[in-house]
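Enquirer: Here it is: the structure, laid out below.
Just so it is clear, none of the values below were taken in a lab; they were calculated from the coordinates. Fair warning: this is a prediction, and the values are worked out from it, not measured in the lab. Cβ placement follows ideal geometry from the backbone for every residue including glycine, while neighbour counts extend to all protein chains displayed.
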Amino acid sequence: MANEEPEILMPSDGRPSGEFVSQPAKLLRIAAMIRELLEEVRKSSPDEGGRKRLSAIYEKALATLKEGLSEDLQKELETLTLPLDAKSSESEIRLAQAQLVGWLEGLFHGIQAALWAQHAQARAGLEEMRRRGLPPGSPEGHEERRGPGQYL
């Protein structure tokens, strides 16, 4: 069954494509930082130097985020974000940061949904193993049971 939510997978799992996050803790830290920056921009009116600094932080945050994302998620992020520069207005900076925070929150919701689905699938597998492990004569134990295995 295809799952559209991103999974928390390490690239070493041999999965060449798809959506995955290899560094979820880093992603959470960057999201928290961007959220705080957005709040700070809302509270104040940055001057030209502040806008330059915010633009540089934004670009660095995007680059760092991409390091922990699969190629598919990197492409998605690139299509949704616009570059900022020293001439970007305060409202442009706010919008860019709000857009990035929104995308990250959507990504986190997708990760949570994928984890929930993996948990449900694991529980179903465990229940199936328990059901099959019932002794003969049980209502659901139709499999033929042999004697103890070599390790018992």
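Enquirer: Compare the peptides 43-51, 122-130, 20-28, 81-89 by average per-residue count of other Cβ atoms within 10 angstrom and give them in order, highest first.
Expert: So the order, starting with the most tightly packed, is 20-28, 81-89, 43-51, 122-130.
Enquirer: Measure off 7 Å from each Cα along the Cα-to-Cβ vector at residue 122 and residue 47, then give the distance between these two points in nanometres to one decimal.
Expert: Computed distance between label sites residue 122 and residue 47 equals 5.3 nm.
Enquirer: Another question about this same structure. Would you mind counting up the charge near residue 83? Only other residues with Cβ under 13 Å from its Cβ, with Lys and Arg at +1 and Asp and Glu at -1.
Expert: On the way: positive: 60, 87; negative: 59, 78, 85, 92.
Net charge in that neighbourhood comes out at -2.
Enquirer: Follow-up. Once the piece of chain linking residue 67 and residue 35 is laid out straight, how much longer is it, given 0.36 nm per residue of separation minus the C-alpha distance between them?
Expert: Extra length from residue 67 to residue 35 when fully extended: 9.6 nm.
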